[in-house]
1. Using the beta-carbon distance between residue 75 and residue 50 and R0 = 22 Å, what value does 1/(1 + (r/R0)^6) give for FRET efficiency, to the nearest 0.05?
2. Can you tell me the accessible area per residue over the chain, all protein chains present, probe 1.4 angstrom, in square angstrom?
3. How far is it, in nm, from the label point at residue 68 to the one at residue 38 when both lie 7 Å from their Cα along the line to the Cβ?
4. Within 15 Å, Cβ to Cβ, of residue 45, how many net charges do the neighbouring residues add up to if Lys/Arg are +1 and Asp/Glu are -1?
5. With label points built 7 Å along Cα→Cβ from the Cα atoms of residue 31 and residue 85, find their separation and express it in nm.
6. If you add up the charges near residue 30, with Lys and Arg at +1 and Asp and Glu at -1, over every other residue whose beta carbon is less than 15 angstrom from its beta carbon, what do you get?
7. If the elastic network links every pair of Cα atoms under 10 Å, which of 20, 82, 58 fluctuates the most in the Gaussian network model of the chain?
8. Could you look at the chain and say what percent of its accessible area is carbon and sulfur, using a 1.4 Å probe and all protein chains?
Amino acid sequence: MNAPLMAAGSAFAAWAGLAVLCFQSSSQRRRMGLREQSGRERWRFILAGAALIAISLVAAVVADGTRFGLLLWPCQTGMLGVALICLLPFARSAVTASARLAALLAPLSLAAASWM
């Protein structure tokens with residue numbers, strides 16, 4: 001297992017999960033010009049975001065060990081969340097594009113880390 005790739009996968013999954021959850025706010029969706037979602041569709045996205053965050057936690061624990069991973073993960077996720085909240089009003093398209101890229105890179109880096 002490659003710990004740096006696993007840690008990167010954890011960060012990518014956290015960024016994508018936080019972005020998905022951030023985009024579920026109806027006021028945020030209006031500001032971004034996104035269409036409204038049905039109730040089922042909204043809950044699917046919320047579950048997907050929660051799953052990405054859970055994958056991020058597991059990857060952080062696997063990469064850094066139980067004690068350090070559980071300590072590092074809230075710091076990593078909190079800093080990414082603050083960055084997302086700060087960037088969103090100014091760079092919506094960049095946040096959206098980076099979240100899509102992170103959603104693509106997370107499984108690739110986690111698969112590469114477990115393969116090595």
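The values are calculated or read from the model by the stated rules, or taken from the named source; none is laboratory data. Please read all numbers here as calculations on a predicted model, not as lab measurements. Neighbour counts run over all protein chains shown; Cβ positions are idealised from the backbone, glycine included. Note: accessible area is taken over every heavy atom of the protein model, side chains too, but ligands, DNA and RNA are not part of it. Shrake-Rupley method; radii C 1.70, N 1.55, O 1.52, S 1.80 Å.
1. Taking R0 as 22 Å, the efficiency between residue 75 and residue 50 is 0.65.
2. Details: 6860 Å² over 116 residues.
So the chain comes to 59 Å² accessible per residue, rounded to a whole number.
3. The modelled label-to-label distance comes out at 4.8 nm.
4. +4
5. Reported label-point gap for residue 31 and residue 85 is 1.2 nm.
6. +4
7. 82
8. Answer for the chain: carbon and sulfur cover 73 percent of the accessible area.
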